[in-house]
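See structure below.
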Amino acid sequence: MTIGFAFNEVLTLLALVTGTLSLSWWLQRRRGRTDKPWWAHWGADLFAVVLLVFTCRVALADWQRVPSSSMEPTLRVGDMLLINHLAYGPRLPFTNTAVPMGRPERGDIAVFRFPPDVSQFYVKRIVALAGDRVTFRDGGVAVNGAPIALKDLGWGAHEADRGQRLLRETVAGHEHEIKLNPFVLGRLPMGIAEPDCQSERPGAWRCTVPAGHLLVLGDNRDNSADSRSWGFLPEREVYGRVDRVLFNYLEVNRWWHKPS
C-alpha cells in the first residue's frame, strides 16, 4: 500500500494555515473591523472542517485503498480499508511517535511503514511476535512448535483466484484463508539469514523473531513482498489495524465487510 507523503501531515499544514487566518480575522474583529475579507471567509470556514478530519484521522481511524493483490483472498484490489488507530495507539504528526494503547497480536491485519522506505505504507498479516519460533513449509506457517494446520478449500472461484488453491490456515488459534499457486507452493526466496532464520530448502525454513520485531506475511503467499524479502518488521513502524472493508466500487458485496 503506497501513498507517498502522509496525508495526516498535509492536514496538519492546512490546519495551521487556516487556523492562522481564522485567528487573524478574530483579532481584527476585536479591533472593530466589520467587512470580512475573502481570506477570512476561506480560513474560518475551512479551518473547522480540516480540524475535524485531522482529529479523526490521527486519533481514531484512517482509510486507505488496497492497490495490489498481496493480501488476497482476504483483501481485494480496490478495497477501501478502515484502519483503527486506537488498536495500537495514534501517532503524533511529523513524528513516528505513538501514544501506546495496545500491542499487535498474531493474526492482525496491520498497516505499517515499509522499513526500507517509511514514506510508504504496506498492509500484511502479523504471523509472529517477538520471541516466537516460526516454522514455514510449502506456503503454510505455524508458531512455537504447533503443527502447520491447513485445510484445502479447493480451486478459487473468484476471477482473481482462478488457477490458485485456497486453504484455511490456523495460526495460534486464528483462522484465515490464504492463496497458493500450485506451481510455487511458497518456494519464494528467503531473505533473512542466520542466526535468526535457517533454511532447509526452498519453501521450508524456521525463524526466531528478534526482540522489538514482528514477522508479517501476505495471504497471497506466492505473490507478496513481505518479511521473506525485506526482513522482520520493527514494531515501532506499525501504524494501525485493518478492522473493516468500507467499500469496493467493483464488488458491492464487500461493503462493510469484516476480514478474518
Under-5 Å amide H pairs with LEU214, H placed in peptide plane, nonlocal only:
LEU233, GLU235
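Sort LYS179, LYS151 from largest to smallest accessible area, using a 1.4 Å probe on the heavy atoms of the protein chains.
Working: LYS179 5, LYS151 120 Å².
Ranked from most to least accessible, the order is LYS151, LYS179.
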Ignoring everything but the protein chains, give the 1.4 Å probe accessible area of LEU23 in square angstrom, nearest 10.
100 Å²
Accessible area (Å², 1.4 Å probe, nearest 10) - ILE178:
0 Å²
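Run the accessible area of segment 166-260 with a 1.4 Å probe and give the carbon-and-sulfur part as a rounded percent.
On the way: 2540 of 4580 Å².
Carbon and sulfur atoms account for 55 percent of the accessible area of segment 166-260.
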Check the straight Cα-Cα distances from LYS179 and name the lysines below 17 Å, setting aside those fewer than 8 residues away within the same chain.
LYS124, LYS151
Computed over segment 162-231, protein heavy atoms only, probe 1.4 angstrom, the accessible area per residue in square angstrom equals 45 Å²
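Can you give the net charge of the other residues whose Cβ lies under 13 Å from the Cβ of GLU169, counting K and R as +1 and D and E as -1? Intermediate values should be presented prior to the final figure.
On the way: positive: ARG106, ARG125, ARG137, LYS151, ARG165, ARG168, LYS179, ARG221; negative: ASP138, ASP152, GLU175, GLU177, ASP219.
Surrounding charge for GLU169 is +3.
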What are the ³J(HN,Hα) values, in whole Hz, obtained from phi via the Karplus relation 6.51 cos²θ - 1.76 cosθ + 1.60 with θ = phi - 60°, for each residue of segment 82-87 in sequence order, with x given for Gly and Pro?
8, 9, 8, 6, 6, 4
Cross-link partners of LYS258 among aspartates and glutamates (Cα-Cα below 15 Å; sequence separation of 8 or more within a chain)
GLU72, ASP79, ASP108, GLU175, GLU177, ASP243
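The values are calculated or read from the model by the stated rules, or taken from the named source; none is laboratory data. On a predicted model such as this, the values are computed, not experimentally measured, just so you know. Cβ coordinates were reconstructed from backbone atoms using ideal geometry, including for glycine residues, and neighbour counts include every protein chain displayed. Heavy atoms of the whole protein, side chains included, go into the accessibility calculation; ligands, DNA and RNA do not. Shrake-Rupley method; radii C 1.70, N 1.55, O 1.52, S 1.80 Å.
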